[in-house]
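What follows is a short report on a single structure.
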Amino acid sequence: MDGLVRDFRYAVRSLRKDRRFVGTSVFALALGIGAATVAFSAFYNLLFNAFAAKDASRLVVLSVQNAESLGLPELNLQPLEGSLSDLDAIRGQSRAFEDAAGSAHEIELLNDGKDNHQVYVAKVTGNAFDFYGVPPMLGRGILGDDAKAGAAPVFVMGYRTWTGEFGADPSVVGKNFLLNGEPRTLVGVMPPRFQAFGAMQQVWVPITDTRGTVGTASEPSVGTIMARLRRGVSIEAASAELDVIVKRLAQSKPKEFPKHFTARVQSATDFLMGPFGIGSAGGPEAEHFNIKHMLYDLLAGVMMLLLIACSGVANLLLARAAVREKEIAVRSALGATRWHLVQQLLVESSVLAIAACALGCVFAYFGVEGVAAVVPHKGHSIGGEAVIGLDFTVLFFTLGLTALTTLLCGLAPALHAVGRDVQPMLTGSGKGTGGSFRHGKFRAGLVIVEIALSIVLLAGAGLMIRSFYELTHIDLGFNAKNLLFVATWSPLASNSEPDKQGIIFKKVVERLQVLPGVTELAINNSLPGYNPSRRYEATVPGSTHSERAGFDKCSESLLRTLEMQMAGGRWLSQGDVDSAQHVAVINQTMATHFFGTENPLGRQVLAKAFEDKNQPPRDAYFQIIGVLRDVKDFGPQVPVLPMAFVPYTIGDGGLSYLGGGILFLRTKGDPGLLMNAVRNAVWAVDRNQAFSPETGPYREEFYRLTYSAHEFGLTTFTGVAGVALVLVVIGVFSVMAYTVSLQTQEIGIRMALGALPVEILQMVMRKGFALLAAGIFIGLFASYGLTRFLTSQIWGVSPTDPWTFGAVVALVVGVGLAACYLPARRATQVDPLVALRYE
């Protein structure tokens, strides 16, 4: 230990004399360690620590797969939703699950006696809090007795609501509130991370078991069902058992299940990464961005980045060891063993690694904040608990990286330095006798490795950049700029009062139409470009062709508000809407699918879902009056599907969106500036109106819903590639600079014998370019195979896109030659007389 301490002291003194070397090495390693720490934090906390529940690794979500989906994205794996009896049957018959719980989600109004607060509510089964196993911060959670009929109505509040709306006042526990007009007692407050069963939940209430209660028509739904696997039970075995149980349940209510389906179990993490979690890109109906694969790719990328950093620092240590060859030879001649010399050199690299670890943690702190900001957060069934931060597991990983970095950086230079014959070094007249290029093959190999790895990372980042550009520049068929989306309804309104709701909604429309800055207002029952209305089976009279098509209920002003384009015929008129005419405007895709090259104007289309049992069947027929240019209603990645636009006044629920309606406002300027005015106008009509979480500038909301998952992958991977490029520049520049310094005597001799400065410049640049060419060739070959793993993260571009690879090569050549130029230019300024005396 005394020797080790002395080596540390000597290493610190020695490194203090070469501050440029220390600064370059520590900075390069800190970038690698910091980036690896950030990536591991995202990887670990999203895939292995996403939920605060006990035994979270065994949490699963029960799902149903329509066997007739035929690959259609809108029929992919869906969460299994059932009743309390269904849940009891699954819990009672299953041997694969320890327990199961359900939750349904709503937005309600919480009144504290002074004002209404809009809150996101999870209605959970009585065993849910025991199932999740997270103790409350204040009071108690929901108990099984709270869900029994006749029990005192209670609720539990989330940390964000408690601190934000009630100033973290502990005295609110035990007080009475009104939740959607119903008195409830607050019995507990949950800790900050707890958001069980929802990414946005702020309040939890028990689902009351009304089975057997007089006057109850049907039992309540339990929404999404989660379960915990028994230890040792695989997901495959649980899926096989669940399929048998659910198919048995489906026999008693066939209308609630597809004709042919398979019940499956998904891990909660996979569900979180899927289209109902943070991986959606265009809604659950659209293809989703595979964030799980992205996280594995990201972790592999930062390991490459760490190798680049270690290669660069190892190269610097090799060059420094070449300068210290005579010192090492003298120490060896005086009796130092090779192990002691290796230990001393490893201690020096460990000092660099420890300093880099400290700086890397600083980089990681800010990097984690940046990554956490771009992680998609969506209000789907589960998620929102994952905290990307520097926890103990991540810091332990960082310490392991530091030890690994010490070995990667220091071991090869140390063995190389002590593994040579000391006699030539003792008799050599100058330092750095091994400094010429012919003795630096190992250093050259390290530079080539750096360049090759950077090519792989830059090629992946380039493909993602091109993919993101293609994705965000698709013509969606409408203009989302200066568009304000407003979805409002009254949680207190009764479903038995549709006329009252309609009157309130009409008054809201009248007020919003006259707001200053509003140029157009339209009613619609879907989100264009993201989530169209439900698709129904449609057919043409006299034809056997049948196909599912979307039927979008809207107002006559939708065409102007969204700035869509007609291809033929006319759009809906005010008279069509006011008199609820059965007319339809179809898109070009529907016209082609149903009528081919024939003119669809004046023809009819039958939508069976609109048939009214109390009216003649003809009410389900719609006359086609126009053809609209295609709109990418299911998102930019999904092919256009058949769509029809009909007056919103047709059928019940024409004005309904959870008891309210969806409005689009075209504004003169920034739509975000009108939000306060819109809220005040709505609340002037009815103070009990609530707003959906998507209310706001539609361009921003559409971007978040559609592109946020892609942006996460692009930002993180491009950041890694950018750091890799910086490290390559540092590595090439530092190695070339050291090489020039070690060849000072050789350069002086060449210039004394008549070599021109331009010849010296060309000599050094040729050597640098040779390294670049070798690294680029190997990197392109590796990229050709490795970029195929990014297939699930890119869209609209080939994994071997020549334009991307060409741009990457040009970038690396440009920055590489720039890194070579300064040392080469310095070599031309060497004074031959000084160089000949160089020691």
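The values are calculated or read from the model by the stated rules, or taken from the named source; none is laboratory data. All figures in this text were calculated on a predicted structure; none of them were measured in a lab. Backbone-built Cβ (ideal geometry, glycine too); neighbour counts: all protein chains shown. The area values use the complete protein model at the heavy-atom level, side chains included, leaving out ligands, DNA and RNA. Shrake-Rupley method; radii C 1.70, N 1.55, O 1.52, S 1.80 Å.
Worth a mention:
- Scan segment 29-64 for residues that are assigned to a helix (DSSP H, G or I), open to solvent by 10 Å² or more (accessible area, probe 1.4 Å) and of a type outside the set (S, T, Y) and the total you get is 8.
- Candidates in segment 168-207 are the residues that are at pLDDT 85 or above and among the polar types (S, T, N, Q); of these, the one that is most open to solvent (accessible area, probe 1.4 Å) is N176.
- Segment 132-167: number of residues that are under 36 Å from the mean Cα position of the chain (by Cα) and open to solvent by less than 40 Å² (accessible area, probe 1.4 Å): 13
- Qualifying residue in segment 723-736 (condition: farther than 30 Å from L833 by Cα and under 21 Å from the mean Cα position of the chain (by Cα)): yes
- Residues that are closer than 14 Å to D552 by Cβ and either modelled with pLDDT of 80 or more or surrounded by fewer than 19 Cβ atoms within 10 Å (Cβ to Cβ) (or both) within segment 634-650 comprise V640, L641, P642, M643, A644, F645, V646, P647, Y648, T649, I650, listed in sequence order.
- Scanning segment 779-809 for residues that are polar (S, T, N, Q) and within 20 Å of the chain's Cα centre (by Cα) yields T787, T791, S792, Q793.
- Among the residues of segment 579-593, the one identified as modelled with pLDDT under 90 and either open to solvent by less than 50 Å² (accessible area, probe 1.4 Å) or in a strand (DSSP E or B) (or both) is A580.
- Condition check for H377: under 30 Å from F51 (Cβ atoms), modelled with pLDDT under 75 and open to solvent by 10 Å² or more (accessible area, probe 1.4 Å): yes
- Test set (1) modelled with pLDDT of 80 or more; (2) surrounded by fewer than 19 Cβ atoms within 10 Å (Cβ to Cβ) - A819 fails condition number: (2)
- When restricted to residues that are outside any helix (DSSP H, G or I) and of a type in the set (D, E, K, R), segment 446-490 contains 2.
- Complete set of residues in segment 359-370 that are open to solvent by 20 Å² or more (accessible area, probe 1.4 Å), in contact (Cβ under 8 Å) with a residue 60 or more places away in the chain and hydrophobic (A, V, I, L, M, F, W, C): L359, C361, V362, F363
- Test: residue in segment 268-276 that is among the hydrophobic types (A, V, I, L, M, F, W, C), under 30 Å from G529 (Cβ atoms) and at pLDDT 85 or above: yes
- For first residues located in segment 703-719 and on the phi < 0 side of the Ramachandran plot, partners that are crowded, with 20+ Cβ neighbours inside 10 Å and aromatic (F, W, Y) and lie 6+ apart or on another chain with Cβ distances below 7 Å form the pairs L705/Y530; T706/Y530; A709/F289; H710/F289; H710/F468; G713/F289; L714/F468.
- Condition check for R788: of a type in the set (D, E, K, R), closer than 30 Å to Y707 by Cα and free of Cβ contacts under 8 Å to residues at least 40 places away in the same chain: yes
- Residues (outside any strand (DSSP E or B) and hydroxyl-bearing (S, T, Y)) located in segment 536-567: S543, T544, S555, S557, T561
- For segment 690-703, taking the residues that are in a helix (DSSP H, G or I) and out of contact with any Lys or Arg (no Cβ under 8 Å at 6 or more places or on another chain), the one that is most open to solvent (accessible area, probe 1.4 Å) is identified as E700.
- The condition of being in a loop (DSSP other than H, G, I, E, B) and either modelled with pLDDT of 80 or more or in contact with a Ser or Thr (Cβ under 6 Å, 6 or more places away or on another chain) (or both) holds for only one of G754, G814, that being G754.
Results for (1) surrounded by fewer than 17 Cβ atoms within 10 Å (Cβ to Cβ); (2) at pLDDT 80 or above, shown as yes or no for each residue.
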| residue | (1), (2) |
| --- | --- |
| Q501 | no, no |
| L512 | no, yes |
| T519 | yes, yes |
| S555 | no, yes |
| V577 | no, yes |
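- Test for F717: is it surrounded by fewer than 19 Cβ atoms within 10 Å (Cβ to Cβ), at pLDDT 85 or above and out of contact with any Ser or Thr (no Cβ under 6 Å at 6 or more places or on another chain): no
- Filtered residues of segment 452-491 (kept if crowded, with 20+ Cβ neighbours inside 10 Å and not hydrophobic (A, V, I, L, M, F, W, C)): S454, G460, G462, S467, G477, T488, S490, P491
- R766 vs. criteria closer than 30 Å to T24 by Cα, surrounded by fewer than 15 Cβ atoms within 10 Å (Cβ to Cβ) and charged (D, E, K, R): yes
- Against the conditions (1) surrounded by 21 or more Cβ atoms within 10 Å (Cβ to Cβ); (2) farther than 17 Å from D831 by Cα, L786 satisfies every one except (1).
- Considering residues of segment 616-631 that are at pLDDT below 85 and either acidic (D, E) or buried (at least 17 other Cβ atoms within 10 Å of the Cβ) (or both) only, the residue farthest from the chain's Cα centre (by Cα): D619
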